[in-house]
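Student: Attaching a single structure in structure tokens format; questions to follow.
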Amino acid sequence: MTGLLVQDKNVVVPGEIIAEGMDYLPSYGTYRQQDKIRASQLGLLTVDGKVLKIIPLAGRYLPRRNDVVIGKIIDILISGWRLELNSPYTAVLNLKDASFDYIAKGADLSKYFNLEEYVITKIVNVTSQNMIDVSCKGPGLRKLRGGRVIRVSPCKVPRIIGKRGSMVSMIKRATGCQITVGQNGIVWINGEPDKEIIVVEAVNKIQQEAHIQGLTERIQKFLEAKTGMKIEIIEDHTEGGSDYRPEGGSDYRPEGAAEYHSEESP
Amino acid sequence: MSSYTKRFDGRKFDELRPIEAKAGVIKKADGSAYFRIGKTTAYAAVYGPRELYPKFLQDPKQGLLRCNYNMMPFSGAGERVRPGPSRRSKEISLITERALRPVLDLKDFPNAVVDVFVELTETDAGSRCAGICAASIALADAGILMKDLVVAFSVGKVGDQVVVDLDGDEEHFESNSSVDIPIGLIPSTGEITLLQADGRISPEDIRKCIKMAQERAPAVSEILRKALKEKYATE
């Protein structure tokens, strides 16, 4: 028997034979063993032409350059802050990357970012040993005030954002809440308390059902039932965010955010 | 040596006890599993990869695997198991780690650790093997890169008969004269990651035991895989 043994978008488990023969190529999450290609991670199989790869269903966040993440300040250093990123590794926010303002030598750093506070940051550098530098200079990058923070599985982040931000902008329109989804799985929600709860429920529903087809429609129905509003699914460049950036919607976008979006538009 | 013609629970000599497995039983853990074989029940929870302290334990080349095996005080047959670490549990923690480590790829996680906690709620022989099976499912459930799921069960000799998966009664057959060989395998390659032995046995019989184990391994592997797939079943 040769060829593909598992259908596209099916769940595969480590060690499972995905394909036999030399017609396919192993990519992320798969490996070749003589003439067989086997899975090395739990996830959904993606067949892209000849290339077989796996979209993980679980796992911790691994930092990548240019990811926008939400971090929690856990320590104040001599010239910067240490952030927790929902990852096995912590990040450092350096003084020079923290603010456009001039911060004098010996200033009390807790006045800028204090312990336990959450900050939207962008990863500027990751070393081979996964030491992370983040920056707070840039459009949309700032300290978070008010609202609530929830943590989700980082693998589900692309589902929560949706294609070109369709999912997150739909939830925003339905609830009127501000939502920022960090690539590391930390989500910030700010709005009316009862609406915030609807967002939390919707995000949890997305997390649980991320691997099942027709997710957007189910979330649309869920939101319609919860809010009593008619909600449309909109997918376009100007309204939504993208798979790789937080700052989903058009509301509360700071100065310069338009540029920030256009570079991502496909 | 007396002859052992029929097994106490009526199984065939190469038949395993009934197995039940489930993934994702501990919601707060990164990965978790339940594994029952006969009257032996194991739970495993995986946390991590996460930061590893004290710092001198860190490996800058790759992540570390750390296992902990524990039998609950009420889990034994009659006698209360004294809680806390013991010589035995420390050994089994170590061999669990060594049985699982060859399939894991932790190169993406330098200086980090993956913690595996195995708890036995009920034991009737084969507890280290049940623990390894549970840990295998839990590690996969945590999304860790691994080339296969390690399977483990015991083989051995009761009286003059080579058997698979000894239960408590067989282990204690004729004042503990039976031979118990816990074995861990990587089904895709047939490699052995765990092999211990307790008792007196000839080289020929050991070969027979290992061959039987290799024949049974794919069936157990299938049960572990099914447990993971059931967690994500659409209906």
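Laboratory data are not the source of any read-out in this text; all were calculated from the coordinates shown. Please read these numbers as outputs of a predicted model, since none were measured by experiment. So basically every Cβ, Gly included, is an ideal-geometry build from the backbone, and we count neighbours across all protein chains shown.
Student: For peptide A:34-41, how many partner chain Cβ atoms fall within 10 Å of a residue's Cβ, on average?
Tutor: On the way: counts 0, 0, 1, 0, 3, 6, 9, 7.
For this peptide, the per-residue mean of nearby foreign Cβ atoms is 3.
Student: Return the average number of partner chain Cβ atoms within 10 angstrom of each residue Cβ along peptide B:109-116.
Tutor: Numbers: counts 6, 7, 5, 5, 1, 2, 0, 0.
The mean count of partner-chain Cβ atoms within 10 Å per residue comes to 3.
Student: Moving on to the next point. For A:Lys105, give me every one of the aspartates and glutamates with a C-alpha distance below 16 angstrom, ignoring sequence neighbours fewer than eight places off in its own chain.
Tutor: Straight-distance partners of A:Lys105: A:Asp97.
Student: Lysines near B:Lys55 by alpha-carbon distance under 19 Å, same-chain residues fewer than 8 away left out - which ones?
Tutor: B:Lys107
Student: May I ask for the equivalent-ellipsoid semi-axes of chain B, computed as the square root of five times each C-alpha gyration tensor eigenvalue and listed largest first in whole Å? Mind showing how you got there, number by number?
Tutor: On the way: eigenvalues 183, 69, 63 Å².
Semi-axis lengths for chain B are 30, 19, 18 Å.
Student: Assuming R0 = 60 Å, can you tell me the calculated FRET efficiency for the pair A:Thr227 and A:Ala104, based on Cβ-Cβ distance, to the nearest 0.05?
Tutor: Calculated value: 0.80.
Student: If I build a Gaussian network model for chain B, linking alpha-carbon pairs within less than 10 angstrom, which residue out of B:Gly24, B:Gly76, B:Gly199 has the largest mean-square fluctuation?
Tutor: B:Gly199
Student: To continue, here is another question. Of B:Thr121, B:Thr41, B:Thr96, which is the most mobile in a GNM of chain B whose springs link Cα atoms less than 10 angstrom apart?
Tutor: So, out of B:Thr121, B:Thr41, B:Thr96, the one fluctuating most is B:Thr121.
Student: Shielding of A:79-89 by partners, i.e. mean partner chain Cβ atoms within 10 Å per residue? Don't jump to the answer; show the numbers that get you there.
Tutor: Numbers: counts 0, 0, 0, 0, 0, 1, 0, 0, 5, 13, 7.
If you average over the peptide's residues, the count of other-chain Cβ atoms is 2.
Student: From Cα coordinates alone, what are the radius of gyration and Dmax values for the protein assembly as shown in angstrom?
Tutor: 26.2, 88
Student: A follow-up question, please. Output the pairs from B:Lys90/B:Lys231; B:Lys61/B:Lys226; A:Lys122/A:Lys143; A:Lys9/A:Lys172; A:Lys96/A:Lys172; A:Lys72/A:Lys96 with a Cα-Cα distance over 23 Å in this structure; if there are none, say none.
Tutor: B:Lys90/B:Lys231; B:Lys61/B:Lys226; A:Lys9/A:Lys172; A:Lys96/A:Lys172, as the Cα separations exceed 23 Å there.
Student: Using only helices, what value at 222 nm comes out for the protein assembly as shown when you add -39,500 (n - 2.57) per DSSP H run of length 4 or more and divide by the total residues, to the nearest 500 deg cm²/dmol?
Tutor: When only DSSP H runs of four or more count, the value is -7500 deg cm²/dmol.
Student: Taking springs between alpha-carbon atoms closer than 10 angstrom, which of A:Arg173, A:Arg32, A:Arg151 fluctuates most in the Gaussian network model of chain A?
Tutor: Looking only at A:Arg173, A:Arg32, A:Arg151, the largest GNM fluctuation is found for A:Arg32.
Student: Now for a separate question. A 30 angstrom limit on the alpha carbon distance is what I want to check against. Which of A:Lys230/B:Lys22; A:Lys205/B:Lys229; A:Lys50/A:Lys156 exceed it?
Tutor: A:Lys230/B:Lys22
Student: Could you pull the Rg and Dmax for the stretch B:142-235, using just the Cα atoms, both in Å?
Tutor: Over the stretch B:142-235's Cα set, Rg and Dmax evaluate to 15.5, 51 Å.
Student: Using a/c under 1.5 as the rounded threshold, could you call chain A rounded, prolate or oblate? The axes a ≥ b ≥ c are square roots of the C-alpha gyration tensor eigenvalues, and prolate needs a/b larger than b/c, oblate otherwise.
Tutor: oblate
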